[in-house]
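Peer 1: Let me begin by handing over the structure; questions about it come next.
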Amino acid sequence: MTESEDDNPPAGFVASTGRGPYTSHNGPFFHKVTDEGFVHGVRVRKRHCNSRGITHGGMLMAFADGLLGTAVWRETQTVALTVRMNSDFLSSARPGEWLEGTARVTRATRSVAFCEAELYVGTRPVLKATGVFKLMQRHKEKA
């Protein structure tokens, strides 16, 4: 797959827009909302990989961080900052593969949220992550 080829997301995915410059530079990313929650995805490109031809761990962690942050926003409607993130690398993703993931909040207080995420290629787990996010109450979405 060349850098200029179509990312060809699976059915139901739409391009994610309105992301910050760092995330936009790393994409393009796609998303869909399901009855169970949400899923984000990206077609792995050569630029996402390390010298061994597999997706760079930093790219996987940045993608997972975005999933965790999305879960916190959807649950709390509050801007949040990553305090801690732990990642377990389970397998790799290669150029041309469709990488997707989801996340959920496991507990939220007034000031912090705890969450977990999984990344997959097909049914193969690639990364599992947990995170703690500081809820920025002054940025809470007004209902």
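Peer 1: Can you put 114, 30 in order of Cβ neighbours within 10 angstrom, beginning with the fewest? Don't skip to the answer; put the middle values down first.
Peer 2: Working: 114 17, 30 20.
Ascending Cβ contact count within 10 Å gives the list 114, 30.
Peer 1: Amide H neighbours of residue 90 under 5 Å, counting only residues 5+ apart in sequence or on other chains, H built in-plane at 1.01 Å?
Peer 2: Amide H neighbours of residue 90: 127, 128.
Peer 1: Still on this structure, I have one more. Where does each of 65, 88, 6 land when they are ranked from fewest to most other beta-carbon atoms within 10 angstrom?
Peer 2: Working: 65 19, 88 10, 6 7.
Exposure proxy ranking, most exposed first: 6, 88, 65.
Peer 1: Applying 1/(1 + (r/R0)^6) with R0 = 25 Å to the Cβ-Cβ distance of residue 77 and residue 36, what FRET efficiency is obtained, to the nearest 0.05? Can you show the working numbers first?
Peer 2: On the way: r = 19 Å, r/R0 = 0.77.
Step by step, r from the Cβ atoms, then E = 0.85.
Peer 1: So, one more: How large is the charge dipole for segment 14-139, taken about the Cα centre, if only the Cβ atoms of Lys, Arg (+1) and Asp, Glu (-1) carry charge, to the nearest 20 debye?
Peer 2: Details: 17 positive and 9 negative charges, 73 e Å.
Using only the charged Cβ atoms, the result is roughly 360 debye.
Peer 1: Related question: To test your reading of the geometry: what angle, between 0 and 90 degrees and rounded to tens, separates the Cα axis of helix 57-76 from the longest principal axis of the chain?
Peer 2: Roughly 30 degrees between the two axes.
Peer 1: Please compute, over every Cα-Cα pair in segment 1-126, the percentage with a separation greater than 18 angstrom.
Peer 2: Numbers: 4110 of 7875 pairs.
So the pairs more than 18 Å apart make up 52 percent of the total in segment 1-126.
Peer 1: Apply the Karplus curve 6.51 cos²θ - 1.76 cosθ + 1.60, θ = phi - 60°, to the phi angles in segment 80-97 and return the couplings in whole Hz, x for Gly and Pro.
Peer 2: Computed from phi, the couplings for segment 80-97 are 9, 10, 5, 9, 8, 9, 10, 10, 10, 8, 9, 7, 10, 10, 10, x, x, 7 Hz.
Peer 1: Additional query: Got a sec? How would 126, 72, 14 order by Cβ neighbour count within 10 Å, fewest to most? Mind dumping the intermediate values first?
Peer 2: Working: 126 24, 72 28, 14 10.
Final ranking by Cβ density, sparse to dense: 14, 126, 72.
No value in this document is a laboratory result; all are computed from the given coordinates. Note that the structure is predicted; figures quoted are calculated from it, not measured. Reconstructed Cβ throughout: ideal geometry from the backbone, glycine too, with neighbour counts over all protein chains shown.
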